[in-house]
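Each remark here refers to the structure printed beneath this line.
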Amino acid sequence: MNGTGNAPLLSVEGLRLSFGGVLAIDGLTFGVGEAEIVSVIGPNGAGKTSAFNCVTGFYRPTAGAVRLRGRDITGLRPSAVAALGVARTFQNLRLFGEMSVLDNVRAGTHLRIRQNVLDALLHTPRYRRGERESTEQAHHWLDFAGLRGDRYGPARALPYGEQRRVEIARALARRPDLLLLDEPAAGLNHGEKAEMLDLIRRIRELGIAIVLIEHDMGLVMDVSQRVVVLNFGREIADGPPDEVRRNPEVVEAYLGRDADEAEIEQARASVAGGRDGGA
Amino acid sequence: MTATVPQGTPPGAPSSARPRGAGPRSIASRLMDNRWAGLVGLAVALLAPFVNATPYALSVMTSAAIFVMLAAGLNIVVGYCGLLDLGYAAFFAVGAYTSGVLSTRFDLPLVATLPAVLVVTVLAGLIIGAPTLRLRSDYLAIVTLGFGEIIRVTANNLDVTGGPSGIYGIPGLTGGPVSMYYVTVLVVAVAVVGAARLGRSRLGRAWRFVREDEDAAEAMGVHTYKIKMAAYVAGAIWGGLAGVLFAAHLSAISPGSFTFLQSALVLMAVVLGGMGSIRGVVVGAVIISVLPELLRDLADYRFLAFGVLLITVMLVRPQGLWPARSREVAQ
């Protein structure tokens, strides 16, 4: 399952992105197979979120291509990318705060329910059916994501960890083939992280491929089939977790060039030990 | 009314089905959540002429009803979709002038001009919206303000619109002021219910997704530009049809009726009532249109009193008189 055999679900080819003179991404190439979990790691500012934004259409890459099942989706607007089966979450939660939790997840069903203006004005059977389906789906995905809090109140009223679940439920309600999670475990406590790990596994069991940006090395090494490492916009490694964690360049990227042997050894131990290895 | 109201809930059930965490609710908030509030409002409007049917009172009430329709339309744009439109009177003017010009030039009954009014207002919405809706927040407000003035200045300078003196002798929709009032109330009631239904449909949710977070909405597959355009065009239709009622009601229109002040007053009605709350917006519109009349005894000071009252309300209740619920009722 390293995504080389069959035509990959997602392939990012020679992606470059510059803002003015600053190269945010300098030649990123990786692929994601069906139902595969690929993590993108790297120090802060390495270009991970920029890469997500290129894949999902929020940024137009300066060069390179993004393909979904071989189809070039570079430069499509985000809603068009979403319509092709790509869903994402955001690094800083982006919920519709004043709307109910259910409405937030109903957003994921926006493209699935068929309803025109006349249906809405006349409350036709099709309108009622669409609304019912949308609500059922929303409940289903909130159950799946394990939300315990109030579903009828505004999303902003939920605790942080619960809001993360809502955001993932919203993305899942889109029924994507590919899900991009941008630091889903950030700000979660130990118990919540374990639940997040479980949730990510269960998402994969649905046959959904996941690209994961995450600083928690324990989680990354545990769940990923492959790990792509970025540093200053450059891809410095791409391989199975075991291989990546032994890669000296990766350790160096996390600690800096002047780190002495002992520090590197210590970092290696911490990365290997599955604790938080993020600098 | 931002929350999705479930279908087929028996009356009275919503408050008991409310999940815990909402705390004990005041009588006022129970009344405000009551689903019959709209019908009560309609009943009040229908019974009002039995209380006072002087031509002056009927005229004030008819104007108030038209103003409610304007506010319901602007609420789609500002309240649901979060697009600050400072030139909403433009659509009001387009509707009024289109029906006025066609009915007087071609001697048509006003109803016959409706298809043309719809086409022209939709076109106006698309033409004004296409460049404008690519902008965000402050820029959008400034450009809509500009378009509002362009429409007014155009009407002021064209021959076909009668220049500064406007158009006279527009046929009414009905025989007399009482029937005109009732026709207006019914049209406005349908418009208000329609706006509310749109507001809680798939499209209405998409409007609010855009208002809350445009990027997150895009990421969920919502084509935000089209959705904003839909809000704008819906607002244009509501405004345009209100313009037809206005032309029928006054039988004369001039550019003076479509100034920035008019746009600002409609926006004030929306904000005063509670952005995105159809009930609040109706109440806000009635207050904004009727209050200056009730304050007539204060003569020159009435607009001062009006202003002070508005400022006081906004300080005490910034969310509006009857704000939208962000809690939805369990099914």
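Just so it is clear, none of the values below were taken in a lab; they were calculated from the coordinates. This structure is a prediction, so every number in the text was calculated from the model and none was measured. Neighbour counts are summed over all protein chains in view; Cβ atoms, including those assigned to glycine, are modelled from backbone coordinates with ideal geometry.
Please turn the phi angles of the stretch B:96-104 into ³J(HN,Hα) values with the Karplus equation 6.51 cos²θ - 1.76 cosθ + 1.60 (θ = phi - 60°), one per residue in order, whole Hz, x for glycine and proline.
So the J values, rounded to whole Hz, are 5, 5, 4, 5, x, 5, 5, 6, 7.
Could you please report the charge total around residue A:40, scoring K, R as +1 and D, E as -1 over all other residues with beta-carbon less than 12 angstrom from its beta-carbon? Spell out each step's value before the answer.
Numbers: positive: A:48, A:226; negative: A:182, A:183, A:214, A:235, A:238.
Net of charged neighbours comes to -3.
Compute, for the stretch A:94-175, the length of the dipole vector about the Cα centre, with Cβ point charges of +1 (Lys, Arg) and -1 (Asp, Glu) only. Units Debye, rounded to 20. Mind showing how you got there, number by number?
Details: 16 positive and 10 negative charges, 53 e Å.
Dipole of the stretch A:94-175, to the nearest 20 debye: 260 debye.
Which whole number gives the average, over all residues in A:142-152, of C-beta atoms from other chains lying within 10 Å of the residue C-beta?
Working: counts 0, 0, 0, 0, 0, 0, 0, 1, 6, 3, 14.
Mean shielding count: 2.
Sequence-distant or interchain residues sharing an amide H contact under 5 Å with residue A:236, placed H: which?
A:229, A:230, A:231
What residues from the stretch A:45-80 fall in the zone where the backbone N is under 20 Å from a label point 7 Å along the Cα-to-C-beta line of residue A:29?
Residues A:47-48, A:51-52, A:54-55, A:61-75 qualify, since their backbone N sits under 20 Å from the label point.
Between beta-carbons, use under 11 Å as the cut-off and find the net charge around residue A:25, counting Lys and Arg +1, Asp and Glu -1. If you can, show how the numbers build up before the last one.
Numbers: positive: A:16, A:48, A:234; negative: A:26, A:235.
Overall, the nearby charge balance is +1.
Treat the protein assembly as shown as a sphere of radius equal to its Kirkwood radius over Cα pairs and apply Stokes-Einstein at 10 °C in a medium of 1.306 mPa s; give the translational diffusion coefficient in µm²/s, rounded to a whole number. Walk me through the numbers on the way to the answer.
Values: Rh = 26.7 Å.
For these conditions, the coefficient is 59 µm²/s.
Please give the charge dipole size of the protein assembly as shown, origin at the Cα centre, charges +1 on K and R Cβ atoms and -1 on D and E Cβ atoms. Round to the nearest 20 debye.
Working: 58 positive and 52 negative charges, 424 e Å.
That gives a dipole near 2040 debye.
Using alpha carbon centroids, what distance separates the stretch B:175-216 and the stretch A:36-82, in Å?
39
Please compute, for peptide B:268-275, the average count of beta-carbon atoms on other protein chains lying within 10 Å of each residue's beta-carbon. Could the numbers behind the result be given before it?
Details: counts 0, 0, 0, 0, 0, 0, 0, 0.
Partner Cβ neighbours, averaged per residue: 0.
Using only Cα atoms, tell me the angle between helix B:137-157 and the longest principal axis of chain B; keep it within 0 to 90° and round to the nearest 10.
For B:137-157 against chain B, the angle is about 20 degrees.
Please work out the Cα center distance from the stretch B:226-262 to the stretch B:141-163, rounded to the nearest Å.
13
Report, in whole Å, the centroid distance computed from the Cα atoms of the stretch A:183-215 and the stretch A:97-129.
29
Using the Karplus curve 6.51 cos²θ - 1.76 cosθ + 1.60 with θ = phi - 60°, what ³J(HN,Hα) values do you get for each residue of the stretch A:172-186, in whole Hz, with x for Gly and Pro?
Karplus-based 3J(HN,Hα) across the stretch A:172-186 equals 5, 4, 5, 6, x, 8, 9, 10, 10, 10, 9, 6, x, 9, 4 Hz.
Output wanted: per-residue J couplings in Hz (rounded whole) for the stretch A:228-233, from phi through Karplus 6.51 cos²θ - 1.76 cosθ + 1.60, θ = phi - 60°, x for Gly and Pro.
10, 10, 10, 9, 6, x
At a 10 Å Cβ-Cβ cut-off, how would you order B:67, B:303, A:144, fewest neighbours first?
Values: B:67 26, B:303 11, A:144 17.
Exposure proxy ranking, most exposed first: B:303, A:144, B:67.
Using the count of nearby Cβ atoms within 10 Å as a rough guide to exposure, how do B:128, B:237 rank from fewest to most? Intermediate results must be reported in sequence, preceding the final value.
Details: B:128 25, B:237 22.
The fewest-first ordering by Cβ neighbours comes to B:237, B:128.
Size of the dipole of the stretch B:53-258 about the Cα centre, Lys and Arg at +1 and Asp and Glu at -1 on the beta carbon, nothing else charged, in debye to 20?
Numbers: 12 positive and 10 negative charges, 83 e Å.
Rounded to the nearest 20 debye, it is 400 debye.
Looking at A:213, A:145, A:84, which one has the Cα that reaches farthest to the positive end of the dipole of chain A (charges on Cβ: Lys, Arg +1; Asp, Glu -1)?
Selected residue: A:84.
Using helices alone, I'd like the mean residue ellipticity at 222 nm for chain A: each DSSP H run of four-plus residues gives -39500 (n - 2.57), total over residue count, nearest 500.
Numbers: 11 runs with 108 residues, N = 279.
Per the formula, -11500 deg cm²/dmol.
How well do other chains shield peptide A:106-119, expressed as the mean number of their Cβ atoms within 10 Å of each residue Cβ?
Mean number of neighbouring Cβ atoms from other chains: 5.
Would you mind ranking A:151, A:234, A:106 so that the residue whose beta carbon has the fewest other beta carbons within 10 Å leads the list?
Working: A:151 23, A:234 16, A:106 28.
Starting with the residue having the fewest Cβ neighbours, the order is A:234, A:151, A:106.
Around residue A:18, which amide H atoms from residues at least 5 apart in sequence, or from another chain, sit under 5 Å from its own amide H, with H modelled in the peptide plane?
Those qualifying (amide H under 5 Å, at least 5 residues apart or on another chain) are A:24, A:62.
Would you please put B:172-179, A:81-88 in order of how densely packed they are, using the mean number of other Cβ atoms within 10 angstrom per residue and starting with the highest?
Working: B:172-179: 14.2, A:81-88: 23.2.
Highest to lowest by the protection proxy: A:81-88, B:172-179.
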